[in-house]
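Undergrad: Below is the structure I would like to discuss, written out as structure tokens.
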Amino acid sequence: SVAIPTYDRANFLRQTLAGIAAQQFPSDHYEVLVIDNNSRDHTREVVAEFAQARPAPRHLLETKQGLDHARNRAIAEARGEIIVFGDDDILVQPDWLAQMVVPLLADAGARRIGAVGGEVIPVFPDGLPDWVREWHAPLAFRADAGPLLPQHSPMGANLAFPKWVFEQLGPFHTALDRSAGNYFSGGDSEMIRRVRAAGLEVWFSPAAAVQHQMP
């Protein structure tokens with residue numbers, strides 16, 4: 001299940017959905033969920049533009065405001081054994097989904113891996129201001145797919161979990177939510193800490209890279 005929470009980012013969302021629709025992945029083996037968190041723009045119409053895609057994205061309206069409320073709605077609705085969370089402004093390559101889920105598919109029997117993060121490469125369509133230059137760069141945690149060191153935490157913009165993790169550890173904590181005026185959600189990093197506290201590995205997949213648009 002590819003889950004894209006969104007809020008008033010319809011034009012970015014269109015680019016994200018176009019990339020997801022072009023995945024080199026069996027179309028009957030994944031679904032796309034767009035969790036619309038009370039958008040006031042033309043988000044619903046953008047999702048409808050992809051009605052002929054295979055699979056066609058499902059539009060889900062989540063009225064509880066906040067990124068982690070939207071993520072938890074995705075968990076409740078997801079039919080897949082793996083949930084891949086992406087931001088509504090990521091640009092993906094055709095092999096993105098395959099690269100994200102390969103470690104978890106290989107681990108399905110052992111259940112050692114609790115999360116997989118993909119590379120996130122920031123791009124600045126309006127230019128790169130000096131005040132973010134120092135702290136936005138590719139994660140570059142490792143050159144090959146494998147477990148991360150404890151001090152490294154992947155980004156929620158490109159993050160996958162086996163669904164059984166949420167059954168075992170519970171959903172995202174909504175008290176740490178991203179909301180108007182606060183652009184950083186602590187829900188994803190807190191979930192990663194929970195995964196590690198349960199003795200599970202957190203992996204990094206550099207080949208599952210996305211470009212993260214930051215206007």
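Undergrad: Report, in deg cm²/dmol and to the nearest 500, the calculated mean residue ellipticity at 222 nm for the chain, where each DSSP H run with n ≥ 4 adds -39500 (n - 2.57) and the sum is divided by the residue count.
TA: Taken over the chain, the calculation gives -8500 deg cm²/dmol.
Undergrad: Quick one: in region 75-202, what % of C-alpha pairs are over 19 Å apart?
TA: In whole percent, the share of Cα-Cα pairs in region 75-202 beyond 19 Å is 52.
Undergrad: Between residue 58 and residue 105, what FRET efficiency follows from the Cβ-Cβ distance if R0 is 25 Å, with the result rounded to 0.05?
TA: It comes out at approximately 0.65.
Undergrad: Over region 72-130, average the accessible area per residue using a 1.4 Å probe and give it in Å², no decimals.
TA: 42
Undergrad: How are the Cα pair distances of region 1-126 distributed, in percent, across 5 Å bins from 0?
TA: 2, 10, 21, 24, 21, 13, 6, 2, 0, 0
Undergrad: In nm, to one decimal, how far is the modelled label at residue 167 from the one at residue 112, with both set 7 Å along Cα→Cβ?
TA: The modelled label-to-label distance comes out at 2.2 nm.
Undergrad: What are the ³J(HN,Hα) couplings of region 31-45, residue after residue, when phi is run through the Karplus curve with 6.51, -1.76, 1.60 and θ = phi - 60°? Round to Hz, x for glycine and proline.
TA: Each residue of region 31-45 in turn: 10, 10, 10, 9, 9, 8, 9, 6, 4, 9, 9, 9, 4, 4, 5 Hz.
Undergrad: Through the Karplus equation 6.51 cos²θ - 1.76 cosθ + 1.60, θ set to phi - 60°, convert the phi angles of region 156-163 into ³J(HN,Hα) values in whole Hz; use x for Gly and Pro.
TA: These are the phi-based 3J(HN,Hα) values: x, 5, 7, 8, 10, 9, x, 4 Hz.
Undergrad: Among 60, 175, 96, whose Cα projects farthest towards the positive end of the dipole of the chain, with charges put on the beta-carbon of Lys, Arg (+1) and Asp, Glu (-1)?
TA: The residue sitting farthest along the positive end of the dipole is 175.
Undergrad: Can you list the HN-Hα couplings for region 79-84, worked out from phi with the Karplus curve (6.51, -1.76, 1.60; θ = phi - 60°), rounded to whole Hz and with x for Gly and Pro?
TA: For region 79-84, the Karplus-derived couplings read 9, x, 7, 10, 10, 10 Hz, x marking Gly and Pro.
Undergrad: Next question. Based on the alpha-carbon gyration tensor of the chain and its eigenvalue square roots a ≥ b ≥ c, which shape applies: rounded if a/c is under 1.5, prolate if not and a/b is larger than b/c, or oblate?
TA: Because its axes are fairly even, with a/c under 1.5, the chain counts as rounded.
Undergrad: Then there's this: Most fluctuating residue of 170, 146, 114 in a GNM of the chain with Cα springs under 10 Å: which is it?
TA: Result: 170 has the largest fluctuation of those listed.
Undergrad: For region 66-138, which whole percent of the accessible surface, found with a 1.4 angstrom probe, sits on carbon and sulfur atoms?
TA: The value for region 66-138 is 53 percent carbon and sulfur by accessible area.
Undergrad: OK, next. Under 5 Å between amide hydrogens, which residues at least 5 positions from residue 58 or on another chain qualify, with H placed 1.01 Å from N in the peptide plane?
TA: 32, 33, 34
The values are calculated or read from the model by the stated rules, or taken from the named source; none is laboratory data. Note that the coordinates shown come from a computational prediction; the quantities given were computed from them, not determined experimentally. Because the Cβ atoms are built from the backbone with ideal geometry, glycine has one as well, and the counts that use them run over all protein chains shown. Note: areas computed on protein heavy atoms with side chains; ligands, DNA, RNA excluded. Shrake-Rupley method; radii C 1.70, N 1.55, O 1.52, S 1.80 Å.
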